[in-house]
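Asks: Have a look at this one.
The values are calculated or read from the model by the stated rules, or taken from the named source; none is laboratory data. Quick caveat: nothing in here was measured; it's all calculated off a predicted structure. When we count neighbours, we look across all protein chains shown, and the Cβ atoms used for this are built from the backbone with ideal geometry, even at glycine.
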Amino acid sequence: MTNPPPVPEGYGHLPGPPQQGYGHPQPGPNPYAGQPQQPQQPPQPQQPPQPPQYAQQPVGYGYPPPMPPGPPPGAGHPAKRKTTILIAAAVAGVLALGTGGFFLFADGEGKKEPVAQPSSSASGDAKPGAPSPDASVDDGDGNGTGRAENEDLNAGRKPGEDKVLWLKTNEIELPGSGAEGPAQWVVGDTVVKAVYKSVTAYGAADGKQRWTVSFPAEICAATGQATADGKTVLMFKNGESSSADCDQMKQVDLKAGKEGWTKEVPKEGAFDIMSSPSLSITGDTLGVSRLGKASAFKMSTGDKLFGPPDQGCKPDSLAGGAKLVAIAGCGNNAEELQGLDPATGKALWNYKWAEGWNVSRVYSTDPLVVDATKKATKERVIAVFGPDGKLRSQLTGEGKFSARCGISIFSGPQACTGVVVDGPANTVYLPTEGDSNEIVAFDLGTGKIKWRHPAGQGRSAVPLKAEGGNLIAYLEPDYDKGGEVLSFPAGGGKPTTLLRNPSGVAAPVENGFFNPQIDYAGGRLFLSATRLSGRSQGPEKFLMVFGK
């Protein structure tokens with residue numbers, strides 16, 4: 001096997017310039033590309049680009065949001081940059097060394113919000129950290145909490161636009177530093193949201209509170225995944241102090257609204273740091289990953305299934321979904337991917353990377369699509385693997401692509417949105433970076449571009465999921481124009497608009513969400529805050545739902 005190609009200079013999470021704003025692709029061809037190279041000796045490429053900053057400062061829903069940061073001089077539409085990513089074909093062993101061009105994929109990691117002041121206490125008999133029932137639902141008819149009649153969320157709606165079904169504002173009592181909103185699930189006719197010390201379900205159509213499961217301390221890890229029967233697991237701290245470990249697991253039934261078992265994650269040796277774990281679910285297996293270690297438990301009972309092996313390459317993190325995949329450290333700066341038996345942890349196959357290569361993101365486990373980097377030479381590649389762990393292809397095409405990946409305490413190898421892998425359609429969808437971006441479809445078998453479509457209108461489009469052979473994407477709003485839900489045919493062509501959110505009063509509210517979690521299900525669009533500050537100059541928007 002050969003090594004991946006070089007990438008152009010830019011800002012990124014690897015050593016280099018400050019991590020602010022968008023990356024700066026250098027004009028013209030890569031000065032390192034195309035130079036004569038000795039076999040198996042990669043060139044000294046330049047640094048990869050900075051993840052774009054998509055997040056906005058939080059504001060109250062009645063106030064205009066600040067303008068989002070724009071790209072620096074020189075950044076713009078990919079067609080103007082004509083940056084090329086050329087990735088050589090793979091042969092057995094290691095990744096191939098490319099000649100000429102740039103490989104340029106960037107993580108769009110949102111930044112954290114500033115420290116905030118506490119909000120007003122929850123009303124009624126609600127426990128601290130839990131929401132009060134229905135006190136803050138605005139159903140868009142001008143009678144919602146804190147809104148005057150002339151502030152109807154659907155005021156100014158134009159012909160052909162759909163409507164805001166409801167807006168939920170925060171009534172949860174928060175600490176002075178604010179709190180995370182780490183996960184959102186759409187389950188049947190409810191949308192379920194985890195915030196601070198509670199998991200709460202709201203009616204998808206009306207926003208009325210259905211149930212709440214309270215936690216004794218702050219939730220510190222969660223996953224958007226769940227079992228086929230609607231169960232998930234969240235982790236919470238073992239105390240209220242700032243030094244408390246994140247080592248407590250609680251099962252929650254998202255359909256019934258009931259809590260299940262609660263268990264502690266046992267330490268795997270003296271240096272098992274339980275400060276920022278990430279979770280994954282594969283069937284009845286829960287993966288708990290933390291710094292340098294990973295272990296697995298039964299979703300149904302909480303009983304331990306397996307921990308790190310005594311010998312060989314040891315899994316640092318687990319990625320779940322249709323299959324269980326491990327990113328394993330092998331010592332001496334070596335790493336491998338492993339396909340694991342979810343019941344025993346036994347490796348079914350392994351793929352050894354060349355020295356210095358590390359997998360940073362897992363976009364899908366079936367088919368397996370990963371993002372890997374080589375820190376020493378600033379190289380990067382997105383690779384596709386077959387079910388036997390053999391390298392199938394590497395993405396190659398023209399443009400600067402971005403995924404939106406978390407950098408909070410809840411981040412893990414699967415903490416990314418904006419990348420959709422559709423196995424039946426043999427396609428992976430990626431957006432290009434920046435305003436007026438493009439959605440690009442890659443063939444999983446060849447790694448080559450199948451089609452690309454501009455979002456246009458000065459707005460960015462974000463792939464959400466594959467459904468019925470089509471790609472569902474969210475066209476982001478402007479301050480004066482609502483967002484849209486689009487359906488792209490798998491074979492390419494003009495998208496169909498499934499939902500057109502209202503302009504007028506609603507558009508600046510939608511546009512002001514801080515790096516939201518986004519779901520489209522049952523003809524409704526759900527946006528929820530990933531962090532609450534509690535310090536806005538009015539009700540702080542928390543969950544907003546659009547529909548027909």
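Asks: Would you point out the residue of the stretch 321-343, among those that are within 25 Å of the chain's Cα centre (by Cα) and in a loop (DSSP other than H, G, I, E, B), that is surrounded by the most Cβ atoms within 10 Å (Cβ to Cβ)? Spell out the reasoning first.
Replies: First, the residues of the stretch 321-343 that are within 25 Å of the chain's Cα centre (by Cα): 321-329, 335-340, 342.
Checking the rest, the ones that are also in a loop (DSSP other than H, G, I, E, B) come to 321-323, 342.
Values: GLY321: 18, ALA322: 13, LYS323: 18, PRO342: 21.
The residue in question is PRO342.
Asks: Among the residues of the stretch 181-199, is there at least one that is modelled with pLDDT of 95 or more, more than 24 Å from the chain's Cα centre (by Cα) and under 26 Å from ASN511 (Cβ atoms)?
Replies: Checked the stretch 181-199: no residue is modelled with pLDDT of 95 or more, more than 24 Å from the chain's Cα centre (by Cα) and under 26 Å from ASN511 (Cβ atoms).
Asks: Pull up the stretch 200-223, narrow it to residues that are of a type in the set (A, V, I, L, M) and in contact with a Leu (Cβ under 6 Å, 6 or more places away or on another chain), then point me to the one that is surrounded by the most Cβ atoms within 10 Å (Cβ to Cβ).
Replies: ALA221
Asks: Could you tell me whether any residue of the stretch 448-459 is of a type in the set (S, T, N, Q) and on the phi < 0 side of the Ramachandran plot?
Replies: Looking through the stretch 448-459, none of the residues is of a type in the set (S, T, N, Q) and on the phi < 0 side of the Ramachandran plot.
Asks: Something else about it: If I go through the stretch 218-238 residue by residue, how many of them are outside any strand (DSSP E or B) and over 17 Å from ALA322 (Cβ atoms)?
Replies: We begin by selecting, within the stretch 218-238, every residue outside any strand (DSSP E or B); these are 218, 222-230, 237-238.
Still in the running and over 17 Å from ALA322 (Cβ atoms): 218, 222, 230, 237-238.
So the answer is 5.
Asks: Shifting gears a bit: If PHE306 passes every condition in (1) modelled with pLDDT under 95; (2) touching a strand residue (DSSP E or B) at 6+ places or on another chain (Cβ under 7 Å); (3) among the aromatic types (Phe, Trp, Tyr) but one, which one does it miss?
Replies: The one condition PHE306 does not meet is (1).
Asks: Taking the stretch 252-275 on its own, how many of its residues are in a loop (DSSP other than H, G, I, E, B) and surrounded by fewer than 17 Cβ atoms within 10 Å (Cβ to Cβ)?
Replies: Counting residues in the stretch 252-275 that are in a loop (DSSP other than H, G, I, E, B) and surrounded by fewer than 17 Cβ atoms within 10 Å (Cβ to Cβ) gives 9.
Asks: Quick check: anything in the stretch 385-403 more than 21 Å from VAL420 (Cα to Cα) and within 25 Å of the chain's Cα centre (by Cα)?
Replies: Within the stretch 385-403 (the criterion being more than 21 Å from VAL420 (Cα to Cα) and within 25 Å of the chain's Cα centre (by Cα)), the answer is no, since none of the residues qualifies.
Asks: Continuing with this model, one more query. Counting residues that are touching a Phe, Trp or Tyr at 6+ places or on another chain (Cβ under 7 Å) and under 23 Å from LEU167 (Cα atoms), which strands (runs of 3 or more DSSP E) fully inside the stretch 418-506 reach at least 1?
Replies: It comes to 461-467, 470-475, 484-489, 496-500.
Asks: Evaluate the following for VAL164: is it of a type in the set (A, V, I, L, M, F, W, C), assigned to a strand (DSSP E or B) and out of contact with any Gly (no Cβ under 7 Å at 6 or more places or on another chain)?
Replies: no
Asks: Can you list residue pairs whose Cβ atoms sit under 6 Å apart, with the first residue in the stretch 250-273 being under 17 Å from THR301 (Cβ atoms) and the second being of a type in the set (Ser, Thr, Tyr)? Count only pairs 6 or more apart in sequence or on different chains.
Replies: LYS250/THR262; VAL252/THR232
Asks: For PRO454, indicate whether it is within 29 Å of ALA347 (Cβ to Cβ) and either in contact (Cβ under 8 Å) with a residue 40 or more places away in the chain or surrounded by fewer than 19 Cβ atoms within 10 Å (Cβ to Cβ) (or both).
Replies: Judged against the criteria, PRO454 is not a match.
Asks: Which pairs do you get when a residue that is on the phi > 0 side of the Ramachandran plot, found in the stretch 410-431, comes within reach of a residue that is not in a loop (DSSP other than H, G, I, E, B), reach meaning Cβ atoms under 8 angstrom, with the pair 6+ apart or on two chains?
Replies: GLY418/SER402; GLY418/ALA403; GLY418/ARG404; GLY418/LEU430; GLY418/PRO431; GLY418/VAL462; GLY418/PRO463; ASN426/ASP443
Asks: For the stretch 276-320, name all the residues that are acidic (Asp, Glu) and part of a strand (DSSP E or B).
Replies: If we filter the stretch 276-320 for residues that are acidic (Asp, Glu), which is where we start, we get 284, 303, 310, 316.
ASP316 - this is the single residue of the stretch 276-320 that is acidic (Asp, Glu) and part of a strand (DSSP E or B).
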